[in-house]
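The values are calculated or read from the model by the stated rules, or taken from the named source; none is laboratory data. The structure displayed is predicted, hence computed values, not measured ones. Cβ placement follows ideal geometry from the backbone for every residue including glycine, while neighbour counts extend to all protein chains displayed.
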Amino acid sequence: MKPSLPLNQPPKSICILRLSAIGDCTHVVPMVRTIQKHWPGVGITWIIGKLEASLVGDIEGVEFIVFDKSRRFRAFADLRRALAGRSFDVLLNLQVALRASIVSLFVKAPVRLGYDRERARDAQRFFTTHRVEAVERQHVLDSFFEFTRALGLDERELEGTLPIPSAAREFAASRFDRGREVLAINASASKAIRNWSVEGYAAVVDHAAAKLGLDVVLTGGPLTAEAELAEAIEKAADSRLLNLVGKTSLKELLAVIERASVLVAPDTGPAHMGTTVGTPVIGLYAASNPLRSGPYLSLEHTVNNYAEALQAGCGARVDDVRWGTRVRSSAAMETITVEQVIEKLDPIFS
């Protein structure tokens, strides 16, 4: 297997394989924008999950093929039909998961580019013909740019803007008083171990409303756990807030985050949605390392207690553990204090 493949000329067609998750798919967008700007004649096809397609699947100039994992084995039959008789110059396999590697078998491409040996987990290297160069301790977004660099495209465009339908913007505009500053809080991550406390969020709500004069909105998805966390925050807070958890589509959520002056969120997809619309994000990170998975353009606003939590929970230093190691202890996020969050919030409005 060759480590990389700089091309003498741009490929005519590229197939991107990244099925999930929301945050990771938003990280792919700058890479797509870079290809479109510097190699405008290249055809781009992206194989993507159903939920993720509802957020990024309307990017102009990109063909999206949806892999709906809820259809189980029928999803592979759907994919076979969609790709029948087609081939690509290059496949970029951006996902180290066995399901993604199996999906890659349906893509005909002489160049099948995957991660370096260290990062190619779940046997990905057996499904690729070439690999990117090994680079230690990268942010996920930077790791995606290694794929275009391997093809000979060194430019990097950090433009990650996603289309927002006018109806979604109208939805967001109708929820808030015109001219009012808004704090959005997306309190729940996909794993509860990454969530901050109800009391912490409630204290931030009250500070934002009473001291900064902000309107506050809670955002989130349709899962029961997200709704329960939002209801608990609403009850614990003394200030009035708007609870939109489970009441928006992904595009409406994107529009609400765009309308907000700042977003507070743990390690979760909406934090990265904030980056795509230029909203400052106060990331709450202790269970995971924000230098790898934090809101890319808001790392200066992010509360980073990862080193402290790693030492307390695992007895290890950041330099001693594998990049991407998570602290799987409920005590990790408890290291974040209300004062730390307020110290990040107040300067944004000073």
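For Ala123, the stated conditions hold: it is at pLDDT below 95, surrounded by fewer than 16 Cβ atoms within 10 Å (Cβ to Cβ) and aliphatic (A, V, I, L, M). Determine which member of the set Ala189, Ala271 is outside the structural domain of Gly23 (by TED's automatic domain parsing), outside any helix (DSSP H, G or I) and closer than 30 Å to Leu158 by Cα. Of the residues listed, the single one that is outside the structural domain of Gly23 (by TED's automatic domain parsing), outside any helix (DSSP H, G or I) and closer than 30 Å to Leu158 by Cα is Ala189.
Residues that are part of a helix (DSSP H, G or I), touching a helix residue (DSSP H, G or I) at 6+ places or on another chain (Cβ under 9 Å) and without any contact (Cβ under 8 Å) to a residue 40 or more places away in the chain are absent from the range 328-345 altogether. Considering only the range 94-114, state which residues are among the small types (Gly, Ala, Ser), touching a residue at least 24 places away in the same chain (Cβ under 8 Å) and in contact with a Ser or Thr (Cβ under 7 Å, 6 or more places away or on another chain). Result: Ala109, single match.
Condition first: without any contact (Cβ under 8 Å) to a residue 12 or more places away in the chain and farther than 25 Å from His27 by Cβ. Can you find one or more residues in the range 171-178 that meet it? The answer is yes, given that some residue of the range 171-178 is without any contact (Cβ under 8 Å) to a residue 12 or more places away in the chain and farther than 25 Å from His27 by Cβ. When the range 42-65 is limited to residues that are within 26 Å of Phe126 (Cβ to Cβ) and either of a type outside the set (Ser, Thr, Tyr) or crowded, with 21+ Cβ neighbours inside 10 Å (or both), the one that is nearest to the chain's Cα centre (by Cα) turns out to be Glu52. Here Trp323 fulfils each of the conditions (1) outside any helix (DSSP H, G or I); (2) under 22 Å from Leu229 (Cβ atoms) apart from (2). Set side by side, the residues Ala312, Ala331, Ala307 differ, and just one is of a type in the set (A, V, I, L, M, F, W, C), more than 18 Å from the chain's Cα centre (by Cα) and under 30 Å from Arg117 (Cβ atoms), which is Ala307.
Let's see how each residue does on (1) on the phi > 0 side of the Ramachandran plot; (2) in contact with a strand residue (DSSP E or B) (Cβ under 8 Å, 6 or more places away or on another chain); (3) modelled with pLDDT of 95 or more:
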residue: Met273; (1), (2), (3): no, no, yes
residue: Gly278; (1), (2), (3): yes, no, yes
residue: Gly294; (1), (2), (3): no, yes, yes
residue: Tyr306; (1), (2), (3): no, yes, yes
residue: Ala309; (1), (2), (3): no, no, yes
residue: Ala316; (1), (2), (3): no, no, yes
residue: Val338; (1), (2), (3): no, no, yes
residue: Ile342; (1), (2), (3): no, no, yes
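Of all the criteria given as (1) among the hydrophobic types (A, V, I, L, M, F, W, C); (2) surrounded by fewer than 18 Cβ atoms within 10 Å (Cβ to Cβ); (3) touching a residue at least 12 places away in the same chain (Cβ under 8 Å), the one not satisfied by Ala77 is (3). Of all the residues in the range 279-304, those that are touching a residue at least 60 places away in the same chain (Cβ under 8 Å) and either within 26 Å of Ala53 (Cα to Cα) or not in a loop (DSSP other than H, G, I, E, B) (or both) number 11. Note on the range 253-283: among residues that are over 18 Å from Glu300 (Cα atoms) and in contact with a Lys or Arg (Cβ under 9 Å, 6 or more places away or on another chain), the one that is surrounded by the fewest Cβ atoms within 10 Å (Cβ to Cβ) is Arg259. Residues that are in contact with a strand residue (DSSP E or B) (Cβ under 8 Å, 6 or more places away or on another chain) and surrounded by 20 or more Cβ atoms within 10 Å (Cβ to Cβ) within the range 213-233 comprise Leu214, Asp215, Val216, Val217, Leu218, Thr219, Ala230, Ile233, listed in sequence order. Restricting the range 234-252 to residues that are crowded, with 17+ Cβ neighbours inside 10 Å and among the acidic types (Asp, Glu), the residue that is farthest from Thr279 (Cα to Cα) is Glu234.
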